[in-house]
Structure formats: structure tokens, C-alpha cells
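Derivation of every value follows stated rules applied to the coordinates shown; laboratory data play no part. Here the structure is a predicted model, which is why all the values come from computation and not from measurement. Every residue, glycine among them, receives a Cβ derived from its backbone with ideal geometry; neighbour counts consider all protein chains shown.
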Amino acid sequence: MKVDEWSICSEFDNILEDVRTENVPSEKIWVTKSSWEPLYDFEFDVNLDLKGEVGFYRRKSDKFSATKVSFDRVSAHLYELSSYSGSGKTTKTKLATFQSPKRRFRLPSDIESVDLTSIHNTNAFDPEVRLVCGDSNGGVYVFKGDRGCGNGPLQPLVKLPEAHASHVTKTRFFPNGHGILSSSIDMQLKIWDSLDGTALRTFVGHTRAVNDFAMIDRGRNFVSGSSDGSLKLWECSTAACIFTVKSDDGVNCVSLADYKGCTDSSSSGIGLDHSCEYNTEGKAVFAGHDSGIISFHDIYNRKKIFDIPSVDRSSCVSLSCPSAESGSHYLFAGYSNGIVLSWDTRDVSKPVETLFVNENDPVSKLFLAHNSLNVASGVQFAFSVPVNNGKYSYNKLKHFIRSNYEISDFCVDESHQEIWCAGNGGTLLKF
């Protein structure tokens with residue numbers, strides 16, 4: 001299944017607002033499909049209709065004027081491009097669906113153009129918004145704001161422009177919201193106080209970039225993955241490494257999962273020291289490797305359970321799986337060749353379904369939330385597609401309307417069922 005590359009003018013929201021408030025009598029937008037035949041480049045005039053609502057009207061001057069199409073608002077922040085065949089509008093075919101952001105945030109002026117590499121939110125201070133972001137220069141920032149303040153800047157609560165020596169790969173709040181864990185290509189992980197930015201712990205032991213980590217339960221333990229090929233289980237209060245899984249195959253991404261497969265006493269962790277572990281029993285971790293292999297490890301018993309095979313030897317660069325409560329057995333993996341595969345972890349002999357996303361760039365990020373997979377790849381692709389039993393509901397795919405910058409990370413606000421995304425050029429959006 002191939003994902004079409006659709007794009008829409010990045011000033012879309014501003015254009016609609018200018019017409020709606022009558023700052024200008026009319027404007028125009030363009031909608032383009034630039035991958036897989038047939039290619040399209042449509043233009044629409046944007047005017048107020050007789051009811052005072054914004055409408056979209058096909059420009060007769062565009063070179064595809066012979067193709068009968070319409071662009072319509074179907075609900076708040078959701079728009080559809082459709083084509084028609086036959087005389088008049090007899091047969092309607094949806095070409096693409098676009099989702100505009102609920103809010104676009106501006107970063108403070110001194111960091112407004114930084115390339116954001118990670119984002120996470122906490123509801124511990126609800127109704128106040130709290131976000132933590134990392135950037136490509138090693139910075140870590142905590143922002144706060146009012147949910148009802150509309151578009152505009154977020155107030156910086158903590159600014160740590162030199163938190164790490166280089167590119168921050170991930171930032172996460174601890175469940176109570178008062179601490180932050182960050183990782184970096186500087187080979188370190190660090191814990192920070194989210195209220196004042198105090199450095200609380202530094203975790204040293206990896207010999208190459210730390211690319212990802214996963215917190216276990218309340219965060220007293222976490223697993224990290226590194227380009228040095230190792231997985232490490234850490235204990236937060238002492239910053240001690242409890243154990244290491246070594247390999248010569250770099251780890252690019254990790255994803256935590258439940259694992260109930262070990263029941264016999266001969267392999268139940270007897271004889272292992274678990275004194276510094278908290279709620280690791282029944283927990284496992286997927287690790288995506290440079291080779292494209294995805295390994296699966298029982299954390300409590302410190303054993304590898306199985307490998308998901310490599311596909312075309314493309315590196316596995318992003319992983320996402322449903323929450324343990326869902327009972328789902330499916331894992332989604334993004335690769336350096338721009339494809340996304342879904343795997344049934346009960347039978348990993350072959351993928352369930354393949355999504356061809358980007359011929360030119362790797363998948364940047366996968367993030368599963370509310371039974372939809374959010375996908376980013378290069379500057380060309382950022383979209384959400386519903387999934388069910390490992391299969392993609394392609395006809396319900398929604399392209400995110402955004403500036404022409406790459407999206408690097410997603411997170412979800414569970415209380416309000418909203419998706420946040422961060423990316424290059426200070427991109428910070430809520431859908």
C-alpha cells in the first residue's frame with residue numbers, strides 16, 4: 001500500500017482567517033500531489049459565501065481544470081479533496097483528507113527557530129499545559145501555558161540550552177510530572193527537576209549515542225538503547241546500571257511491552273538479583289537494530305525471547321506498539337528505506353501489512369495513539385492512519401497541514417485526546 005504525497009500551502013490557516021475576518025476580500029490556496037501517477041496541482045479561490053462562511057472555488061486557470069474536483073470543509077479542522085466523474089457531480093471519489101492544527105505555538109524569541117527533536121506532555125498540572133522538548137543542539141526546555149489561550153507563545157518554565165553536549169534524542173516526564181529524563185548522542189542520560197531545571201542524576205555507561213529509552217511503571221527503572229548495540233536497565237535513585245544486554249548491532253529505538261510467556265520456575269528469574277528493580281516482572285522490550293532485526297527481551301528474566309527478521313536489510317529506526325491494557329499483539333516498525341511494517345508478535349515469519357511511505361527518506365517517527373498510527377518521514381510526510389488488527393485503514397488517512405519542516409516526534413494528551421507534534425524550525429503543533 002503506497003501513501004500519496006499530498007501537500008497544501010503552509011499558510012492555509014492564516015489565509016482562512018484573513019478571509020473569515022475580511023482582512024482581504026479573497027485569497028487562493030493550492031493542493032498538490034507529487035508522488036505516484038497521476039500527479040496533480042490544483043488551485044482554489046477562497047471567498048466568503050452568501051452565508052458569510054469560508055468557501056473554496058476552483059480556479060479555472062489552473063492546468064488541471066479539466067479534472068472535476070472540489071475542496072470542502074467537512075468538520076472542524078478537517079477538509080476533503082474529491083473528484084467527480086460523469087456528467088455533473090454523479091460519482092464522487094475522495095482523493096485526500098487534510099487536518100489543520102487546533103493550535104500553532106510560538107517558541108520564545110531566543111529559541112524560536114531551533115530544530116526540536118522530541119516532545120512529551122504531562123497532565124500532572126492540569127488544566128495547565130506542561131511540555132518538555134529537546135533540540136538538536138543539546139537543549140532541554142519545559143514550557144507551560146493555558147489550554148484556552150489560543151495561538152501564541154508558551155511560557156518557558158525551564159530553559160537548559162546546554163543540557164547535553166549535542167543532539168537530544170528523547171525527553172520524557174516522569175509520571176508525577178516533577179522530573180524529566182533526557183537522552184542524547186553525547187552517550188548520556190540525565191534526570192532533571194522539571195520545576196527549576198536542577199540536574200539530579202547522570203547515567204554513564206554507553207559508548208555511543210543513546211538513541212531511545214523506555215520507562216517502566218512509575219519510572220524507578222528504565223531501559224535505554226544505544227548505537228553501541230547495548231540495552232541497559234537502570235535504577236534511578238542510584239544511577240546504577242543493573243544489567244546490560246550486549247550486541248554488535250546498534251539499537252535505534254525501543255518500545256516497552258507486557259510479556260507473560262515465562263511461567264516455569266526454571267526460567268523465572270530465580271537466582272537473579274532484583275533488589276533494585278521495581279515492577280519489572282512481566283515486562284519486556286522490543287529493540288530495533290541497524291541490521292533491521294527487531295529483538296524482543298524479557299527484562300525480568302534477562303533473556304532474549306525472539307527476533308523479528310530484517311526486511312531488505314534496512315535499519316529499523318522507529319517502533320510503536322499499543323498499551324498493555326489494549327491486549328493487542330501488534331507492533332509497528334518504521335525503517336530507513338521509508339516503509340512501515342506491522343507485525344503480529346505471535347507469528348513473526350512475515351509482516352501483516354506494508355505501508356510504502358517515502359522513497360527518499362527514512363521514517364522519522366511512529367507514534368500509536370487512540371487506534372491511529374501517526375507517521376512522519378522527511379519534510380514530505382506527516383499523517384495519521386487508523387489501524388485495526390495490524391492493518392491500515394488507508395481510506396481514512398489524514399494528512400497534517402503544517403509548515404514545510406520535518407516532524408521529529410509526537411505525543412498524546414490523553415485527557416483531551418489531542419496529538420502534539422514537534423519538528424524543525426521551532427515547529428510545535430496540536431491536532
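Taking a cut-off of 43 Å, what percent of all Cα-Cα pairs in the chain are separated by more than that? Percentage above 43 Å: 16. If I take all pairs of Cα atoms in the stretch 67-128, what percentage of them are more than 13 Å from each other? Here the long-distance tail beyond 13 Å is 76 percent of all Cα pairs in the stretch 67-128.
For each of His416, His289, count neighbouring Cβ atoms within 10 Å of the residue's Cβ, then give the residues from fewest to most.
Numbers: His416 14, His289 23.
In increasing order of surrounding Cβ atoms, one gets His416, His289.
Among Phe213, Phe410, Phe306, the residue with the largest mean-square fluctuation in a Gaussian network model of the chain, with springs joining Cα atoms closer than 10 Å, is Phe306. Per residue, the convex hull around the alpha carbon atoms of the stretch 174-259 comes to 89 Å³.
Hey, which of these cross-link pairs are over 31 Å Cα-Cα: Lys94/Lys391; Lys33/Lys144; Lys391/Lys430; Lys28/Lys398? Intermediate values should be presented prior to the final figure.
Details: Lys94/Lys391 20 Å; Lys33/Lys144 37 Å; Lys391/Lys430 26 Å; Lys28/Lys398 22 Å.
Check vs 31 Å cut-off fails for Lys33/Lys144.
When Ser364, Ser226 are arranged by Cβ crowding within 10 Å, least crowded first, meaning fewest neighbours, the order is Ser364, Ser226.
With a 10 Å Cβ neighbour count serving as the proxy for reagent exposure, in which order, fewest first, do Ile191, Ile305 appear? Let's see the in-between values first.
Values: Ile191 21, Ile305 14.
Listing Ile191, Ile305 from fewest to most nearby Cβ atoms yields Ile305, Ile191.
The simple Förster model, with R0 at 35 Å and r as the Cβ-Cβ distance, assigns Trp36 and Asp344 a FRET efficiency of 0.80. With both labels modelled 7 Å from their Cα along Cα-to-Cβ, the Glu414 to Glu17 distance reads 3.2 nm.
With Cα atoms defining each centre, the stretch 320-357 and the stretch 16-56 are spaced 37 Å apart in the structure.
Between Ala165 and Asp126, the contour length at 0.36 nm per residue exceeds the Cα-Cα span by 10.8 nm. Only lysines eight or more places from Lys303 in sequence, or on another chain, were considered; those with a Cα closer than 26 Å are Lys170, Lys232, Lys246, Lys260, Lys283, Lys350.
Electrostatic bookkeeping for Gly250 treats Lys and Arg as +1 and Asp and Glu as -1; over the other residues with beta carbon under 10 Å from its beta carbon, the sum is -3.
Given 0.36 nm per residue, what is the gain on full extension from Ala199 to Ala76 after removing their alpha carbon distance, in nm? It would help to have the intermediate numbers written out before the result.
Details: separation 123, 0.36 × 123 = 44.28 nm, distance 4.24 nm.
My answer for the length gained is 40.0 nm.
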